[in-house]
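Structure record follows, encoded as structure tokens.
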Amino acid sequence: MHLYFKDNFFSSGITDIMDREGSVIGSLDLKSAFGSSLDVYNASGDPVCSGSFRFFSNKWHIVSGSGEELGVLRMRMSFFTKKFEYNAGSRGVYEITSPAFSNEYEITDAAGRGIAHFSRISGWLQAGAYLLQNESDVLGDWELVTVVMGIHQIRKRNNSAAASSSH
């Protein structure tokens, strides 16, 4: 399925999740400009997924709408690529990579098979907007939306830390 969704400039408020035809099929609640957490809702308004950083942690924790932990996303060190790892517990560990100056990301399983792909489709001066193409039969669409937004939040946090340490 192809999903379109985005961040807001101040990372707060509600934004739509749309399908390829532009129909709203869910929403993201970007809770606060001062915190880094979000909730994902389906078209009926039911909470289906949440993501947040733990206190003093750079790991993005993802839970289901019922509060069950689904997985943990973390950044991996790499020189020439952007690399992340999503540990979905008994469902496997997934690698998320992107070439250094690219907005295209590939999600692969432990066997190296591509299970999903996403890209940043917004311009330089716009809030982050994404297109997600999920082909996984293990990781659901809502979970992967939360993973993508987790990568967005980790990168924003790291860019902010780098900017503040250079002054």
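The values are calculated or read from the model by the stated rules, or taken from the named source; none is laboratory data. The structure displayed is predicted, hence computed values, not measured ones. Here Cβ is always computed from backbone atoms with ideal geometry, including for glycine, and neighbour counts include all displayed protein chains.
Listing for the model above:
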quantity: Selected residue [touching a strand residue (DSSP E or B) at 6+ places or on another chain (Cβ under 7 Å) and under 16 Å from L144 (Cα atoms)] from G13, G71; calculated: G71
quantity: Conditions (1) among the charged types (D, E, K, R); (2) loosely packed, with under 12 Cβ neighbours inside 10 Å; (3) in contact with a Cys (Cβ under 8 Å, 6 or more places away or on another chain): number failed by D39; calculated: (2)
quantity: Unique residue being within 15 Å of T146 (Cβ to Cβ), touching a strand residue (DSSP E or B) at 6+ places or on another chain (Cβ under 7 Å) and either among the aliphatic types (A, V, I, L, M) or modelled with pLDDT under 95 (or both) when the list is D29, D19; calculated: D29
quantity: In the stretch 122-159, residue surrounded by the most Cβ atoms within 10 Å (Cβ to Cβ) [restricted to those that are at pLDDT 65 or above and among the polar types (S, T, N, Q)]; calculated: T146
quantity: Residue satisfying condition, being under 20 Å from H2 (Cα atoms) and crowded, with 16+ Cβ neighbours inside 10 Å, within set V72, V48; calculated: V48
quantity: Leading residue by the ranking (nearest to H117 (Cα to Cα)) among those in the stretch 62-81 that are among the charged types (D, E, K, R) and over 14 Å from the mean Cα position of the chain (by Cα); calculated: R76
quantity: Test for V145: is it under 22 Å from D29 (Cα atoms) and without any contact (Cβ under 8 Å) to a residue 24 or more places away in the chain; calculated: no
quantity: Strands (runs of 3 or more DSSP E) contained entirely in the stretch 1-86, each with at least 1 residues that are free of Cβ contacts under 8 Å to residues at least 60 places away in the same chain; calculated: 13-18, 24-30, 37-42, 47-53, 60-64, 69-76
quantity: Filtered residues of the stretch 89-102 (kept if surrounded by 15 or more Cβ atoms within 10 Å (Cβ to Cβ) and free of Cβ contacts under 8 Å to residues at least 24 places away in the same chain); calculated: E95, T97, S98
